[in-house]
Amino acid sequence: MFDTSRPTRRQTGSSLRRKEARAGLIWVQWWFVGFLLFTLIPICAAIYLSFTSWQGIGAPQWIGIDNYVEILSGDPVFWKSLRVTALYTALALPSGLVLGFGLAMLMNQKLRGVTVFRTIYYLPSILSGVPVLILWMFVFNRDFGILNWMLDLVGIPAVPWLNSEFWVVPAITVTTLWGVGGSVIIYLAGLQGVPTELYEVATLDGAGWWRTLFTVTLPMMSPVVFFQLVLALIGSLQVFAQAYILTGGGPNYASYFMSLYIYNEAFIGLRLGYASALAVILFILILLVTAVVFGTSRFWVYYGDSVEGDES
Amino acid sequence: MTKSTLTPLGTTLLTRRTLLTAAAAGAVGVSLAACAPGGTSGTGTKTLKLWSDHSTEELAGIKQVVADFEKAQGGSIKVEILNIADGGQYYTKLKTAAVGNNLPDVFYVRTFDTAPFATKTWTRPIDDLIQRDSTEVVPDDFWAAQTAQFTYEDKVYALPYDFSNIGVYINKSMFEAEGIPLPDASWTWDDYYATAAKFVKKEGGKQTRWGTTLLTADWYMLGVFASNGGKVFSDDLTQCVINSSENVATLQAMLDAMEAGAAPLPNATPAGVDPFSGELAAMYIMGSFATTGVRASVDGKFDWDVAPLPNGSTGTRGVSCAGGGWSIAGSAGDVDASWELVKALASPAAQEILIVEPTRSVPGRQSSAEQWAEQAAASNEPPASIQIFVDQMKTDAIDVHYPTFWQDFQTIWGNQIGTLGAGGEPAAILANVQDETNKLIARS
């Protein structure tokens, strides 16, 4: 016998939500296995090891918070690497966001051949990091690099980009900005999703280019900017390959980023307990900074008129 | 709408879930099976794992030696080789494997590794095995200095492969063109820098030729410092004592040479161009292991040879040596089979294939070194004076032992010495190296 009673809107929605959740869980189970094995368990292990003096042999010796005390009070290299990482983030993060957004605005123009430029700007993103960094070593060469050659054309003396404590982080930032095409594609997708009628209304209201940018484009793009900001922030604080390949952290620790310090402590010095404590500190730092960014998002990120919990 | 119309998705999902669960279990099983270690197969053949850190050319020789070994064992031992040509990556692999208790049975080590690896029991002492098979191994045939470097707390941990030292590669054609006499064995570091200054060439305000390239490699510098009366480590190898007036003077001379243009400032020569084979520098300080590489890259473009290192202020040459060898893992399951492989890799026959025939580096056996010199002389290939590497080993080698904290010292040294010629003062560089190294020693 058929159940002819009509399910209420609430019952139907609830049932669908449960089924969707179940389907979602099934689809993410492979990801979850990977997350468990390669992320969650290693994170838990690192937290435990950070309270030990483990050096890769024998059982880890529990030493309480000694590693943290040593890092925070007696390790100048930690503070130096933290400063260097913060400097890199301060340079790479805003410049990457502005450059990526600006290029996306340019690439969003309805011009003949614009797709060619989109391809050109995206190309660096698909090139593998290490060979590209090797090429950057050619660019930054003191006497024969193209960058100093161009500076020489306008009478600026050669800069020892990778050998100067002052210039090495800006130079590494430039290598990062070269790959900004990846974010341009995401910005571009966001820009093309902004309703054109908003621009038409702005034009009718007599808004100029800047006014339109700040009252239409940026508010509508704020979720995309927020997404890019969070990703770029985390990426900046974890920067590793550039220093590992280009400078080894030198000169005089001027590019000794936190991730490189952790790597060297773990895989060169085999002070795995100490390296784990450094990793936990970096993790907490990233968590805090990301939480602050999330906390501020309600003041500047605009999600349109959607109502939370709307099931229609 | 009936209930049944709401559930087909759920019904399908349950089936899929069962399938996915089974697939997950299967994949985990396959993954675990893949992680199983090697050993003895059902046919009774033992499998040994061998890890090396060599160039493609050297790997071909190692494969030949291993093939000969497998044949000699009558098929009872099979060797799986993993070669990682990049030194940094090799050590990362080795260390992670060691921490995971998954080291190969036999692996390539350098004399720098003796103390760090032995203290962690990653390598097994082989004195008992050497003594048991001394007639076959002939331990006296190895360089005493290298055996000493492979010794930690009176126990030997590896059989040698090669033993390298450093010389000065000379572009003879450039010397002749400039009318500058070739150096002889009596030259000093002052002579060396003065000679280098004669080759400086500038075009359009830009320097296009230097007298020499400088080498700042950590193990090489131990000898240079020693030749000028300086030390790097305390005698008991527990402290770094590099910050001395003698060592400051050594670095200052190098800095003066850079600032005078006799040697390039850091990152000043074109990236990707070898300054010596590219004829950008008349002299090139490099190891005995580089002879085959230089021969290939110069490729007859000019005449070249090698000269001994200059003498220091102490009147001695102070040549530091380092080399490679083969160790058995502390965790090796079949020590006897592993030992057979190590013996084969360090045998005179292997030395002939790996080092004598290509006349590269200096063989780890003195008897092979004689063959090697004869082969080099007969080949008419440069460098004609390749024998100087053997002579330096016999007469100028300093007594070097590498401490347990060697790799930390390398990292710190590399970070600090990179500032020489880029604003770093010698005294500050050495003070930092000493301070940071000793802090790390205290923490370890």
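The values are calculated or read from the model by the stated rules, or taken from the named source; none is laboratory data. Not measured: the values here are computed from a predicted model. We place every Cβ from the backbone using ideal geometry, glycine too, and count neighbours over all the protein chains shown. These area figures cover heavy atoms from the full protein model, side chains too; ligands, DNA and RNA do not enter into them. Shrake-Rupley method; radii C 1.70, N 1.55, O 1.52, S 1.80 Å.
How many residues does segment B:205-259 hold that are more than 25 Å from the chain's Cα centre (by Cα), within 14 Å of chain A (Cβ to nearest Cβ) and surrounded by fewer than 22 Cβ atoms within 10 Å (Cβ to Cβ)? Result for segment B:205-259: 8. Restricting segment A:74-98 to residues that are free of Cβ contacts under 8 Å to residues at least 40 places away in the same chain and among the charged types (D, E, K, R), the residue that is farthest from A:LEU278 (Cα to Cα) is A:ARG83. Within segment B:136-147, the set of residues being open to solvent by less than 30 Å² (accessible area, probe 1.4 Å) and closer than 17 Å to B:VAL319 by Cα comprises B:TRP143, B:GLN146. Going by the structure shown, is B:THR291 within 20 Å of the chain's Cα centre (by Cα) and of a type outside the set (Gly, Ala, Ser)? For B:THR291, the condition - within 20 Å of the chain's Cα centre (by Cα) and of a type outside the set (Gly, Ala, Ser) - is met. B:LEU430 falls short of the stated requirement of being within 30 Å of B:GLU80 (Cα to Cα) and in contact (Cβ under 8 Å) with a residue 40 or more places away in the chain. For segment A:59-69, the criterion of being away from chain B (no Cβ under 13 Å) and closer than 30 Å to A:ALA189 by Cα is met by none of the residues.
Mind listing whichever residues of segment A:123-166 are more than 8 Å from chain B (Cβ to nearest Cβ), open to solvent by less than 20 Å² (accessible area, probe 1.4 Å) and free of Cβ contacts under 8 Å to residues at least 24 places away in the same chain? Once the filter is applied, which keeps residues that are more than 8 Å from chain B (Cβ to nearest Cβ), open to solvent by less than 20 Å² (accessible area, probe 1.4 Å) and free of Cβ contacts under 8 Å to residues at least 24 places away in the same chain, segment A:123-166 yields A:ASN148, A:VAL159. Quick check on my filter: what residues within segment B:116-130 are among the β-branched types (Val, Ile, Thr) and either open to solvent by 40 Å² or more (accessible area, probe 1.4 Å) or away from chain A (no Cβ under 14 Å) (or both)? Across segment B:116-130, the qualifying residues are B:THR119, B:THR121, B:ILE126, B:ILE130. Selection of segment B:257-312 for residues being in a strand (DSSP E or B), farther than 18 Å from B:ARG360 by Cα and not aliphatic (A, V, I, L, M) yields only B:ASN311.
Confirm whether B:PRO403 is more than 10 Å from every other protein chain (Cβ to nearest Cβ) and under 21 Å from B:GLN252 (Cα atoms). Spelling it out, it is not the case that B:PRO403 is more than 10 Å from every other protein chain (Cβ to nearest Cβ) and under 21 Å from B:GLN252 (Cα atoms). For segment A:269-276, check the following and say yes or no: at least one residue is open to solvent by 30 Å² or more (accessible area, probe 1.4 Å), in contact with a helix residue (DSSP H, G or I) (Cβ under 7 Å, 6 or more places away or on another chain) and not charged (D, E, K, R). There is no residue in segment A:269-276 that is open to solvent by 30 Å² or more (accessible area, probe 1.4 Å), in contact with a helix residue (DSSP H, G or I) (Cβ under 7 Å, 6 or more places away or on another chain) and not charged (D, E, K, R). Across segment A:167-190, the qualifying residues are those that are in a loop (DSSP other than H, G, I, E, B) and free of Cβ contacts under 8 Å to residues at least 60 places away in the same chain, and the one among them that is farthest from the other protein chains (Cβ to nearest Cβ) is A:GLY179. Taking the criterion of being within 23 Å of the chain's Cα centre (by Cα) and open to solvent by less than 60 Å² (accessible area, probe 1.4 Å), the residues of segment B:61-81 that qualify are B:GLY61, B:ILE62, B:VAL65, B:VAL66, B:ILE81. In the condition set (1) in contact with a Phe, Trp or Tyr (Cβ under 7 Å, 6 or more places away or on another chain); (2) among the aliphatic types (A, V, I, L, M); (3) surrounded by fewer than 16 Cβ atoms within 10 Å (Cβ to Cβ), A:ILE43 is compliant with all but (1). With respect to the conditions (1) surrounded by fewer than 13 Cβ atoms within 10 Å (Cβ to Cβ); (2) within 14 Å of another protein chain (Cβ to nearest Cβ); (3) in contact with a strand residue (DSSP E or B) (Cβ under 9 Å, 6 or more places away or on another chain), B:GLN89 falls short on a single one, namely (3).
The single residue among B:ASP105, B:ASP113, B:ASP133 that is surrounded by fewer than 18 Cβ atoms within 10 Å (Cβ to Cβ) and modelled with pLDDT of 90 or more turns out to be B:ASP133. Here segment B:45-68 is the region considered, the condition is being part of a helix (DSSP H, G or I) and touching a strand residue (DSSP E or B) at 6+ places or on another chain (Cβ under 7 Å), and the residue that is farthest from B:ALA337 (Cα to Cα) is B:LEU59.
Checked against the criterion of being among the hydrophobic types (A, V, I, L, M, F, W, C), open to solvent by 60 Å² or more (accessible area, probe 1.4 Å) and assigned by TED's automatic domain parsing to the domain that holds A:THR85, segment A:247-263 has no qualifying residue.
Selection within segment A:79-88: residues that are within 14 Å of chain B (Cβ to nearest Cβ) and surrounded by 20 or more Cβ atoms within 10 Å (Cβ to Cβ). The member of this set that is farthest from A:VAL168 (Cα to Cα) is A:SER81.
Of the residues A:LEU106, A:LEU91, the single one that is open to solvent by 70 Å² or more (accessible area, probe 1.4 Å) and more than 13 Å from chain B (Cβ to nearest Cβ) is A:LEU106. Restricting the search to helices (runs of 4 or more DSSP H) fully inside segment B:368-444 and requiring at least 1 residues that are open to solvent by 20 Å² or more (accessible area, probe 1.4 Å) and within 24 Å of A:LEU162 (Cβ to Cβ) gives B:406-417, B:426-443.
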